[in-house]
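Note sheet for the following structure.
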Amino acid sequence: MSLGRIPLESVRARKRTAMGRRDFFSRISDGLHGAGLAYLLGADLFSPNPALAATGASPAFDLAPKPAHFEPKAKAVIQLFMHGGPSQVDLFDPKPDLTKYVGKTPSRDLTAVAVSPQQNAGILPSPYQFGRHGESGLEFSELLPHISECADDIALIRSMFTDTQNHETALNMIHSGRLLGNRPTIGSWVSYGLGTENQNLPAYVVLDDPKGLPIGGIDNWQAAWLPPIYQGTRFRAQGTPVLNLDPRPEWPEAVLDVERRLLRQLDQAHVRRRPHEADLTARISAYELAARMQLAATDALDLEQEDEKTKEMYGLNDALTESYGRRCLMARRLVERGVRFVQLYIEQQIWDTHTKLDEGLRYSCGKTDRPSAALLKDLKQRGLLEDTLVIWGGEFGRLPLGQGDSNNKSSLGRDHGPNGFTLWMAGGGVKGGTVYGATDELGNHAVENPVSVHDFHATVLSLLGMNFRDLVYRRHGLDERLTDQFPARVIEDLIA
């Protein structure tokens with residue numbers, strides 16, 4: 001019996017409607033891929049990150065004050081960064097036992113990070129006297145007579161270490177937590193996480209030296225892939241604080257107001273048509289901040305408002321200390337007005353004393369010691385030190401070896417020492433008059449309570465009320481952190 005022929009249209013219809021087991025698993029894989037892609041896109045565009053909109057709205061990148069994760073000890077940070085690597089054994093970490101090893105061959109462990117044997121002049125004791133200061137009895141070198149007067153406000157971390165002995169990578173590490181470049185610096189992370197109390201000034205200000213940029217240039221305060229509004233803003237210590245800041249004088253204020261309102265309306269319309277352009281809102285916020293800064297920045301940096309006694313304390317009447325003292329005073333005026341993070345830099349890397357150790361240290365200490373101490377004293381007498389964290393230190397320290405020709409003692413210097421160096425903090429919830437950690441008898445290796453750069457970063461964030469694990473930025477579907485991919489801990493013993 002003939003079954004007859006099934007119409008071609010019926011076969012096609014059956015293929016369109018019927019689905020076997022193989023078809024089902026083949027097609028569902030496309031759906032899973034799509035769902036995965038949608039999840040990743042959704043995480044980028046609608047991240048639960050505090051700095052992003054949690055709804056479907058445009059991500060919000062601005063400098064509005066943001067709540068901390070918990071009650072902060074510090075509201076602001078002033079970082080006195082010392083490019084080049086200050087010598088811990090000549091300034092903060094006395095090692096009298098070095099005199100016992102003069103003329104002896106250093107161990108292989110010590111020479112592993114030193115220069116070539118031809119440049120190795122053997123163990124070099126410090127030529128400077130150390131004394132105990134304050135009720136705490138902290139020890140400081142004779143090269144730091146002013147900072148030593150603040151001993152009871154200072155916490156010395158004598159067991160810092162880093163993972164590299166080269167300036168460029170060590171600078172990357174101390175500023176951004178990674179050896180490689182193009183990462184946001186700690187100042188950018190802090191302004192991203194907390195915003196600022198003063199909407200007429202940047203959250204993150206940089207005061208670099210009129211003699212020139214430090215080694216690494218503007219990379220020292222970059223925002224990298226964070227929105228650009230969180231990058232450090234350079235203020236000049238001489239002349240106009242910010243170039244092109246003043247409005248055109250030939251335009252009346254009423255005309256300028258109309259111009260600003262029109263620009264704001266155009267910006268808002270532009271953003272509404274591009275709801276997911278995260279950097280766009282950041283750029284617009286930066287332009288609006290520039291307009292508000294026209295009055296606020298000039299006032300904040302006008303040192304003529306200070307009395308002569310204050311100027312004298314900061315060393316503004318001394319050629320050696322005037323430049324650094326001016327910037328330290330500016331830093332106080334900025335945090336006084338609600339700026340969140342201020343960094344001071346020096347020209348080049350004056351602490352990089354490979355040769356002529358005594359000449360280099362006397363210049364570097366002479367330039368920075370008095371102004372740094374004045375900043376601490378001034379903050380304290382104004383009631384600002386208790387919630388302003390002051391940080392002093394460089395990217396690494398120096399070796400206890402002499403570098404150079406052993407027959408020419410005055411020319412000797414010290415090579416880079418990454419394995420054990422000193423950094424100090426004061427104010428902002430830090431236990432003053434304390435020492436944390438220790439190096440070995442030569443001052444080379446951190447042997448007691450070693451502190452990594454990541455521990456240091458985690459502690460600074462904690463003092464500001466932020467959990468370093470929770471300060472994240474969603475990028476390419478991943479949660480980026482300042483302390484990412486490295487173990488870190490908060491040094492609780494340093495916190496009051």
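The values are calculated or read from the model by the stated rules, or taken from the named source; none is laboratory data. Computed from a predicted model, the values in this text were never measured in an experiment. Virtual Cβ from ideal backbone geometry, glycine too; neighbours counted across all protein chains shown. Quick note on the areas: whole protein, heavy atoms, side chains included, nothing else; ligands and nucleic acids left out. Shrake-Rupley method; radii C 1.70, N 1.55, O 1.52, S 1.80 Å.
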For this session: Could you tally the net charge around Ile186, taking each other residue with its Cβ under 12 Å from the Cβ of Ile186, Lys/Arg +1 and Asp/Glu -1?
Result: +4
Problem set entry | Per-residue HN-Hα couplings for segment 203-213 [Karplus 6.51, -1.76, 1.60; θ = phi - 60°; Hz; x = Gly/Pro] | 6, 10, 10, 10, 10, 8, 7, x, 6, x, 5
Problem set entry | Accessible area of Ile218 in the full protein assembly, 1.4 Å probe (Å², nearest 10) | 90
Exercise. Local charge sum around Gly85 (other residues, Cβ-Cβ under 11 Å, Lys/Arg +1, Asp/Glu -1)?
Worked result: -1
Problem set entry | Under 5 Å, built H, 5+ apart or other chain: amide partners of Arg234 | Val206
Problem set entry | Anchor Lys104: lysines whose Cα lies under 23 Å away (excluding residues fewer than 8 positions away in-chain) | Lys95, Lys356, Lys409
Exercise. Amide H to amide H, which residues 5 or more places from Val77 or on other chains are under 5 Å from it, using H placed in the peptide plane?
Worked result: Phe341, Val342, Leu389
Exercise. Computed on alpha carbon atoms, what radius of gyration and Dmax characterise segment 352-476, expressed in Å?
Worked result: 18.0, 58
Seminar exercise, completed: Residue-ordered couplings for segment 72-81, obtained by feeding phi - 60° into the Karplus form 6.51 cos²θ - 1.76 cosθ + 1.60 and rounding to whole Hz (Gly and Pro as x), are x, 8, 10, 9, 8, 10, 10, 9, 9, 8
Problem set entry | Isotropically averaged projected area of segment 404-447, using the convex hull of Cα atoms (one quarter of hull area), nm² | 4.9
For this session: Pull up the cross-link candidates among the lysines for Lys377, meaning alpha carbon to alpha carbon under 26 Å and not fewer than 8 places away within one chain.
Result: Lys73, Lys75, Lys309, Lys311, Lys367, Lys431
